[in-house]
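Chemist: What follows is a single structure, and I will ask about it in a moment.
The values are calculated or read from the model by the stated rules, or taken from the named source; none is laboratory data. Because the structure is predicted, anything quoted here is derived from the model rather than measured. Heads up, the Cβs are rebuilt from the backbone with ideal geometry, glycines too, and the neighbour counts pull from every protein chain shown. SASA here: full protein model, heavy atoms, side chains in, ligands and nucleic acids out. Shrake-Rupley method; radii C 1.70, N 1.55, O 1.52, S 1.80 Å.
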Amino acid sequence: QMGPWQRVIGLLAIIQGAIAGTSLCDHMDADTSCKQTCQYIVSSGLYPKWRYDEDKCITACKKVICTQVSDACGTAIGTWVNETRDFSSPSQELRLIEADYTSAKSIQAMILVFKGISNLLAKSDSLDWTSLQYQNLKSFGNYDACNKISGAQYCLTKFPLDPSGNVAYGPWATCVPNECTANDINKIYNATAYTLLSFAFANVTLDPSMLLGQFPPSTTCGDNSYGWNSGAGIMVGLLTFFGVITVGATTYLYVRSKLEERKNDKGYKELSHVDGDREGINTPAAKKKQPKDLGTKILSAISLTTSFDSFLKLRTGTGTEAMEGVRVFSMMWVVFGHCLAWPFAKGPGYANIYDAIPYNGNDKAWMATWIGQVIKSSEFAVDTFFFMSGFLAAFISLRKLRGRTSLDVAKSSPMLYLNRWLRITPMYMIVIFTYTYVFPMMISGPLVDQSADVEMCKNNWWYNFLYVQTVFPRGVDNKNIGFCYRVSWYLADDMMFFWATPWLLAVFLYNKIAGFVVPSFLCVASIAAGWVIAWKRHLRFATFDQSLYNDFYYLPPWTRAPPYLLGIIFGMFYFEFKTRKMSIPKNMQTILQMSLGIFAAILFGSTVYGSHEANQNVPSGLSYAKNNAYIALAKPAWSIALTIMLFLCFENLGGPVQWFLSLPFFGYISKLTFCMYLLHPIVLSLMFFERVAPMRLTVVNFSVHYIAAIVATAALAFVVNLFVEAPLAGLQRILMSYVMPVKPKSERRKEATDWREAKGDGPSNSKDDVKKSEM
């Protein structure tokens with residue numbers, strides 16, 4: 001009968017290599033220690049007695065005990081072992097026992113892993129407790145308690161099942177001496193696994209060498225952190241520079257304005273004293289400001305006062321105010337979906353993943369419920385952005401192009417591209433390089449790993465710079481480059497869609513019918529392409545079906561074009577609708593409002609909840625015919641519903657929906673959505689990547705994290721908008737005013753008149769026409 005400390009020491013001989021290393025093996029009775037260890041394993045009930053082979057167990061155990069770990073690690077472990085021989089002394093530390101208490105139950109974990117791997121090799125379709133999908137075989141120990149032990153460090157070990165390491169059993173926490181390296185822990189785990197496989201599965205056809213050769217352990221020790229480098233210094237310097245120049249410009253302009261006011265007041269008083277009070281001496285006309293010089297324009301553009309005034313100035317009287325609310329809710333929906341997905345990406349994940357994913361037909365799992373469908377359907381928020389981008393590009397451009405020919409549009413397209421590129425790229429690149437060089441320094445922890453993301457952005461940032469990362473997902477040399485700042489795929493597709501916009505508008509200006517036919521044809525072709533690709537590639541839109549849906553449908557521009565093209569078509573239609581001063585007859589407004597509203601609601605509901613059947617199990621049981629139809633048609637259907645809803649709102653027939661979406665509050669927040677889209681991954685990563693234990697997925701926990709994420713993202717976006725985005729936009733407008741100078745008002749008035757005459761409306765010099773021509 002073994003004593004309690006002998007049992008612990010014997011068990012730790014396998015768990016943590018407590019008497020590992022040749023220096024200890026040569027000076028201890030390995031046979032006795034291993035015999036005690038093997039007897040303990042049997043008596044503890046870890047294995048059935050009928051499988052127990054004592055000779056095999058002792059031989060395998062001695063292999064563990066004599067594992068070649070580094071001398072420093074072996075000596076440190078020996079010191080910890082010796083401490084347990086005299087636990088009665090008040091001053092004596094029991095670091096071995098403390099470390100074991102903060103570590104995972106590694107033997108039990110590996111036994112269960114081998115059972116799970118056996119099921120995988122047997123290609124068993126049934127899921128049990130050990131299945132990878134349930135992620136039960138993770139144990140993170142007690143990170144903080146381990147770090148409180150003198151001379152101890154926290155290590156995590158997993159058994160990867162693929163070269164990338166993304167699919168793996170584990171990790172399990174092990175608290176070991178600082179002298180032990182990750183390689184030492186790998187050796188101990190490898191030998192321990194060999195021991196277990198050698199005698200525990202003696203009657204099972206499972207070659208330990210083959211298995212461990214395929215699935216070797218992988219260990220990391222201590223906190224992962226990233227220090228300063230030249231890139232971080234440059235980015236911090238650049239961000240500091242933005243802060244300094246914006247504050248400096250604001251201060252300078254404020255002081256100068258006060259000095260000018262004092263000078264003007266003094267001049268007025270002196271003139272009044274000499275000549276008396278003259279009528280009109282201080283009128284706005286008399287004090288008319290002189291045109292600003294270039295320096296003043298630049299200072300004004302980067303001033304915080306200008307940025308804040310621009311933020312407070314709402315776009316009113318356009319008739320399209322409802323789009324502001326749609327834009328804000330779409331951004332909130334994106335964060336909503338990512339807030340659930342981010343813990344899956346990195347970190348310890350969820351403790352109750354089976355409550356989120358409907359494995360074995362669990363219809364109570366989040367993703368299987370009607371509420372969970374809203375999270376899954378958050379990808380429609382991106383289609384909303386595509387649609388609105390296409391609509392605004394067409395509608396606003398056509399208003400500005402009054403009096404222009406299709407040839408004029410074609411000639412001006414390079415400048416339009418430059419204007420668009422300059423408006424988006426500087427801010428976009430600042431965020432990417434901040435994420436690459438600055439963000440990694442802001443986080444640390446045992447599960448933090450930004451190495452892959454950093455390398456992808458360092459090597460492949462120029463794909464983002466040219467907006468082609470979704471065209472060359474495997475790189476120009478057919479190597480899998482991955483995505484630098486993955487959410488930026490949307491900007492790449494949107495930019496490529498914009499490249500086609502001037503030419504579609506040129507066709508429209510040349511011939512109205514052709515202008516509607518061409519984008520309609522491209523839209524149908526894109527839908528057909530998506531359908532064919534889904535069929536040929538066996539794509540599944542259900543999130544956990546593990547198909548190549550993202551690579552071949554969700555990201556490429558040729559399959560994501562329908563929402564943008566439908567936005568273009570709607571923009572052309574509404575431009576003609578307003579140009580011809582058309583309106584809906586009053587006697588038809590109620591009928592049209594109800595019928596179109598109901599139809600739009602049906603389309604919205606069918607797209608969001610049309611995937612309900614597919615999300616009732618993993619893998620989904622939806623037929624390929626229904627699956628392919630949903631992939632190809634869901635996003636166009638969503639866009640058609642958007643078209644109907646916005647048309648009713650624009651024509652003041654939107655009812656409560658229009659009133660709510662047009663609230664001024666959304667007008668302010670919508671100015672931040674571009675920054676929010678770029679910055680929310682950083683906010684979510686700060687919230688989740690440093691965690692050292694899994695979080696439970698509950699309604700309350702999710703709600704708290706979501707509210708925190710959306711508020712923090714909006715607050716950060718507001719600051720970045722004032723100090724970076726708005727100043728950059730102001731500088732871009734100044735640059736483009738020199739590259740594309742605005743024509744004199746008289747010339748624009750003549751073009752508006754000529755355009756009306758060409759349309760057959762007769763000459764007009766009304767202020768309204770001139771104003772429209774200037775937009």
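Chemist: Can you pull the accessible area of Arg486 for me, 1.4 Å probe, Å² to the nearest 10?
Modeler: Roll a 1.4 Å probe over it and Arg486 shows about 120 Å².
Chemist: For Phe336, tell me the accessible area in Å² from a 1.4 Å probe, rounded to the nearest 10.
Modeler: Spelled out: Phe336, probe radius 1.4 Å, area about 50 Å².
Chemist: What residue among Pro664, Ser639, Ala726 has its Cα farthest toward the positive end of the dipole of the range 611-749, where the charges are +1 on Lys, Arg and -1 on Asp, Glu, each on the Cβ?
Modeler: Of the candidates, Ala726 comes out farthest on the positive side.
Chemist: Solvent-accessible area of Val524, probe 1.4 Å, all protein chains present, reported in Å² to the nearest ten, please.
Modeler: Solvent-accessible area, nearest 10 Å²: 90 Å².
Chemist: For Ala525 and Asn178 in the same chain, what is the full-extension length gain: residue separation times 0.36 nm, less their Cα-Cα distance, in nm?
Modeler: Taking Ala525 through Asn178 to full extension adds about 118.8 nm, to one decimal.
Chemist: Another one. Using modelled amide H (1.01 Å from N, peptide plane; none on Pro or chain starts), what sits under 5 Å from the amide H of Tyr169, excluding residues fewer than 5 places away?
Modeler: For Tyr169, whose amide H was placed from the backbone, the distant partners under 5 Å are Phe159, Leu161.
Chemist: Give Lys105/Lys187; Lys138/Lys458; Lys258/Lys292; Lys105/Lys158; Lys635/Lys671; Lys115/Lys364 a once-over and call out the pairs whose C-alpha atoms are over 22 Å from each other.
Modeler: Too far apart for the 22 Å limit: Lys138/Lys458; Lys635/Lys671; Lys115/Lys364.
Chemist: Taking Cα atoms of the range 361-506, Rg/Rh with Kirkwood Rh, to two decimals?
Modeler: 1.08
Chemist: Sum up the charges of everything whose Cβ sits under 14 Å from the Cβ of Val382, counting Lys and Arg as +1 and Asp and Glu as -1, but leave Val382 out.
Modeler: +1
Chemist: Give me the 1.4 Å probe accessible area per residue for the range 126-194, excluding ligands and nucleic acids, in Å².
Modeler: With the other protein chains kept in place, the range 126-194 gives 40 Å² per residue.
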